[in-house]
Structure formats: C-alpha cells, structure tokens
Amino acid sequence: MNTHAHKKLNPEWSVDSWKHKTIRQQPTYPDQQALNQALATLGDLPPLVTSWEIIRLKKYLAEVAAGKRFLIQGGDCAESFDDCNSSIISNRLKVLIQMSLVIIHGCQTPVVRVGRFAGQYAKPRSADMETRDGQSLPSFRGDIVNQNTFDEAARVPNPDNMLKAYHYSAMTLNFIRALVDGGFADIRHPEYWDIAWVQHSKNAEKFRELVSKITESVHFAEVLVGRPVNNLSSVEFFSAHEALHLHYEQALTRRVPRQTGYFNLGTHFPWIGLRTNQIDSAHVELLRGIENPIGVKIGKETESDHLIDLCQTLNPNNEAGKLTLVHRFGAGNIESNLPRLIKTVQKADLNVVWCADPMHGNTESTSNGYKTRRFENISKEVEESFKVHKDNGSLLGGVHLELTGENVTECLGGARALQEADLSRAYTTQVDPRLNYEQALELAFSIKDFYHQ
Ligand code: PEP
Ligand code: MN
C-alpha cells in the first residue's frame, strides 16, 4: 500500500481521538467529577498484562493465519463480579484445557488459548432503557457500569465500578497465572483438571480415555529418552474482552518503555463488537492506534467495502496476526454470506485470521421467555464455516465461544438433550446463554472431526 493511501485512511491518532468520532453504547454518568476521579485513579494503576505477552500472542495469531495453530477463545458472555471465585475460574480453565487437548490430539496442531475473561464486564445493549411493568430504567450494561437488578439505584451508572472491574480482572488473572505456573495444566496430572460434578458423561469418559492414551505416550517417551519430557507442565492463557467501555480502555492504553507505539495493557486481545464496528465509530478509532492484536465481529450486514475499510484502518501495515475477523452469521446463513467476504479479503490481499463465532447468530427465545441457543445450530455453524473456508481456498483459524465450566442449563440439546423445560433448572447467565461443560467438550470433539473433513 502506498504511503499516500495510508495517510489518507489513517490520519493522526491519539489516545483520546475517539472522542471526535461517533460514540455508541456508552453509559451516561450523572456525576462528571466522580467519573474524572475514577479515571485518574485507574490511569495510575499498574498494567494487567505486558507488552511482551501481547507481542507473543500476535506471533501465535500469525501462525494461526498460516494454518500452523488453532485458536480457541471462550468464556462468559458477561463476566460478573460475584463469579470471581476459585471454583468458577478454575472450572472455566479446566474446560478450556480439556477442549484444547482434544484439538491438539485430534487435529495434531498446537493451539492458542484465549479466555473471554479478566475484563469481560461491559455489554452493548439494543436499547438504552428497559421497561418492566410500566417502569423504565437504564439498561444493564455490565458490572463495569451498573447492576443487573431491576432497581432504580442499582441501574445508575457508577464510575467506581470501573475500578472494581480493574481489581476483579487483576484477581482473576493473578489466580490464573498462579494455577498455570504451578503446574495445574500438567499432562501428567489430569486429575487436576477433572471437573468434579461430571458423572456418567459420555464425553467426559471419551475425554478420560484420550488423556490416558496421551499420558501413556508421554511415559513411553520419558522411558525412551531416560528423563522427563520438558514443557508439559504449563500452558499459556491469554485474556480477551470486548473493548466497549471507551473511558476504561483509554485509561489502560499506554506507552511502554523501550517499545514503540501504544498498548492496551488491560487485556491481550481486545475486540470490537458488531454494534460498534462502523467506520466512523469511536471504538474503531481507539483500537486502530494500538499494537495489540485486535478482533472485530462481522456478520450478514457487513458490506464488502466496509470490510476492506475496516481491515485497512485496523491493520494499516497489513501485518500477519494483527487482525482477526470473527464472523457470526447463524447456521444456514454461512453459504450465502461468507464466500463474498472471503473473496473480498483475498482480492485485496489482506492478512487476516478467520475465526467463527457460532453463538451470536443462533440466539432465539423460547415460549417461556428464555434466551437460548440450540447446540445443533452452534455445531452446524462451525461445520459450515470449516467447509466454506476450505471450498474458497481460505482457512478457518479458530472458534470464539460463550461457555462455562459449570453445570448450567442455558443452551438446548447436546449429549443430554436439554429441553426447553430444563432451562429454568440452572439458568444463571447475566446476558447470553453459554455452553455448559459437557456441551463445550462435545463441541471440541466435533471440531476435531470437522477439521479433517
Ligand atoms: C458478544 O460477544 O457477547 C457480543 C455482544 O457479540 P456481537 O458483538 O457479535 O453481537
Ligand atoms: Mn454474548
């Protein structure tokens, strides 16, 4: 790309140049002084992640683009402060570790694990206000903004929640780093990441068989070489969240000594949601200036020209691993939309990682008022994504999922064939329905099959 075009597309950027763009999906704080105070405090707190980690993740994502690695991204739709506890965090890690082992073994490819965690506290909403029984209150925008309870005081956006979000993110990351460094993911100790509540599960059984096959091979290799095989005791995790709350993201976007440019040090891998991916968007503006790898959600409504503008704006140097396109169409909508976008990217010679989000295009409501998703549609969208990429000479690099390690009943179907009547039993999500442990593991086994088709 010539410098002239580059300049034209990418005029000067600063950490607050987003304020001159179209700002969407932000809370209205009643007290400006309290907001400024919270932001000043936040701006002085230490980073949550380092530039070295961010650069390493970008390198891994370049390998994903080249077909040498598979990306598994997963976690809550909306994290909640109340769920920041030992068992929920470790169960979420366990399910991601188990899924990645199924894929590493089944696809014979390394993976990169990214959690929707340690900062996934801000949610875009379709309406600013929510009305119940004649009362209208500001919508719940995630724990970083206000509280979910339908109560006047609870729904007032409070800037101190940004500080809480920072602290909860730090606690979550601290626990994850300690577990991983301490050998939690050691292949010689699969009992560390066994999920206690699972009994008589077909997939859990299948998984245990796979693990014993792998541990046998490891022992064999160790006997053969006469010493322990190194590097089996730890795995890497990276954090990701939707970079939705612009004040918060700006406060964590900083320069780093001995590095050029700015880094978002609140997460490794921020992404832009579908509702804020317009080219005039303040979100696109803030994220185009940082060195982190970036994700952007695209869907049925994404025009080809818009996609080119997005890629050139967010990845002006066409760097490999920098930009991940996360497509979410819904099962049955892939064939009619994805080939067009793949061809657009190929024609313009743009470097991207393609990732499938099979969750957000498959949301529906039941007759008894639950927001849900059918396992078969989720699985179908992943299968179709693999196929369409292959048919068009492109590569599906990964999946982006909403899941939990808990025994929730939020998505229908799966091995236990959850029905509408089952949803009320354990429906605990704050926003979107998540795959439970068994459904997530089942999907990992299917991904392994789709990968080879
Ligand atoms: C999400 O990832 O939770 C989300 C809101 O997705 P999207 O932007 O694709 O609608
Ligand atoms: Mn969601």
Top-ranked residue of the stretch 317-341 - restricted to ones that are in contact with a Leu (Cβ under 7 Å, 6 or more places away or on another chain), of a type outside the set (A, V, I, L, M) and more than 12 Å from residue 356 (Cβ to Cβ), ranked as nearest to ligand 1 (Cβ to nearest atom): 321
Which of the residues belonging to the stretch 369-399 are assigned to a helix (DSSP H, G or I) and under 16 Å from residue 420 (Cβ atoms)? 375, 376, 377
Helices (runs of 4 or more DSSP H) (entirely within the stretch 74-191) containing at least 2 residues that are in contact with a helix residue (DSSP H, G or I) (Cβ under 6 Å, 6 or more places away or on another chain): 86-107, 160-181
For the stretch 266-280, how many residues are within 14 Å of ligand 1 (Cβ to nearest atom) and more than 14 Å from the chain's Cα centre (by Cα)? 4
When only residues in the stretch 351-379 that are at pLDDT 95 or above and among the small types (Gly, Ala, Ser) count, which is nearest to ligand 2 (Cβ to nearest atom)? 361
Quick one: is residue 364 within 16 Å of ligand 1 (Cβ to nearest atom) and surrounded by fewer than 21 Cβ atoms within 10 Å (Cβ to Cβ)? yes
Anything in the stretch 334-356 that is in a loop (DSSP other than H, G, I, E, B) and touching a residue at least 40 places away in the same chain (Cβ under 8 Å)? List them, or say none. 348, 350, 351, 352
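Listed here are the residues, each with its yes/no results for (1) assigned to a loop (DSSP other than H, G, I, E, B); (2) of a type outside the set (Gly, Ala, Ser); (3) within 21 Å of residue 126 (Cβ to Cβ).
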{"site": "240", "(1), (2), (3)": "no, no, no"}
{"site": "248", "(1), (2), (3)": "no, yes, no"}
{"site": "254", "(1), (2), (3)": "no, yes, no"}
{"site": "257", "(1), (2), (3)": "yes, yes, no"}
{"site": "260", "(1), (2), (3)": "yes, yes, no"}
Looking at residue 276 and the list (1) touching a residue at least 60 places away in the same chain (Cβ under 8 Å); (2) surrounded by fewer than 22 Cβ atoms within 10 Å (Cβ to Cβ), which single condition is not satisfied? (2)
Looking at (1) buried (at least 22 other Cβ atoms within 10 Å of the Cβ); (2) part of a helix (DSSP H, G or I), which is the only condition residue 359 fails? (2)
Please pick out the residue among 239, 217 that is among the polar types (S, T, N, Q) and surrounded by 15 or more Cβ atoms within 10 Å (Cβ to Cβ). 239
With the checklist (1) part of a loop (DSSP other than H, G, I, E, B); (2) within 16 Å of ligand 2 (Cβ to nearest atom); (3) in contact (Cβ under 8 Å) with a residue 40 or more places away in the chain; (4) in contact with a Gly (Cβ under 8 Å, 6 or more places away or on another chain) in hand, flag the one item residue 402 doesn't pass. (1)
Looking only at the stretch 73-108, how many residues end up being under 13 Å from the mean Cα position of the chain (by Cα), within 19 Å of residue 243 (Cα to Cα) and either at pLDDT below 95 or not polar (S, T, N, Q) (or both)? 6
Filtering the stretch 303-331 down to residues that are within 20 Å of the chain's Cα centre (by Cα) and among the polar types (S, T, N, Q) yields 315, 324
Kindly indicate whether residue 208 is among the basic types (Lys, Arg), on the phi < 0 side of the Ramachandran plot and assigned to a helix (DSSP H, G or I). yes
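So that you can scan it fast, the table gives a plain yes or no per residue for (1) within 16 Å of ligand 1 (Cβ to nearest atom); (2) under 22 Å from residue 207 (Cβ atoms); (3) in contact with a His (Cβ under 6 Å, 6 or more places away or on another chain):
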site: 406; (1), (2), (3): no, yes, no
site: 409; (1), (2), (3): no, yes, no
site: 419; (1), (2), (3): no, no, no
site: 422; (1), (2), (3): no, no, no
site: 434; (1), (2), (3): yes, yes, no
site: 439; (1), (2), (3): no, yes, no
site: 453; (1), (2), (3): no, yes, no
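Quick grid of which residues meet (1) within 16 Å of ligand 2 (Cβ to nearest atom); (2) touching a Gly at 6+ places or on another chain (Cβ under 6 Å); (3) under 21 Å from residue 446 (Cα atoms):
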{"residue": "56", "(1), (2), (3)": "no, no, no"}
{"residue": "61", "(1), (2), (3)": "no, yes, no"}
{"residue": "84", "(1), (2), (3)": "no, no, no"}
{"residue": "102", "(1), (2), (3)": "no, no, yes"}
{"residue": "108", "(1), (2), (3)": "no, no, yes"}
{"residue": "128", "(1), (2), (3)": "no, no, no"}
{"residue": "141", "(1), (2), (3)": "yes, no, no"}
{"residue": "146", "(1), (2), (3)": "no, no, no"}
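Scan the stretch 224-231 and tell me whether some residue there is assigned to a helix (DSSP H, G or I) and either over 27 Å from residue 177 (Cβ atoms) or free of Cβ contacts under 8 Å to residues at least 24 places away in the same chain (or both).
yes
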Candidate set: the stretch 101-129, residues that are of a type in the set (A, V, I, L, M, F, W, C) and within 16 Å of ligand 1 (Cβ to nearest atom); chosen: the one surrounded by the most Cβ atoms within 10 Å (Cβ to Cβ): 118
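The values are calculated or read from the model by the stated rules, or taken from the named source; none is laboratory data. Here the structure is a predicted model, which is why all the values come from computation and not from measurement. Reconstructed Cβ throughout: ideal geometry from the backbone, glycine too, with neighbour counts over all protein chains shown.
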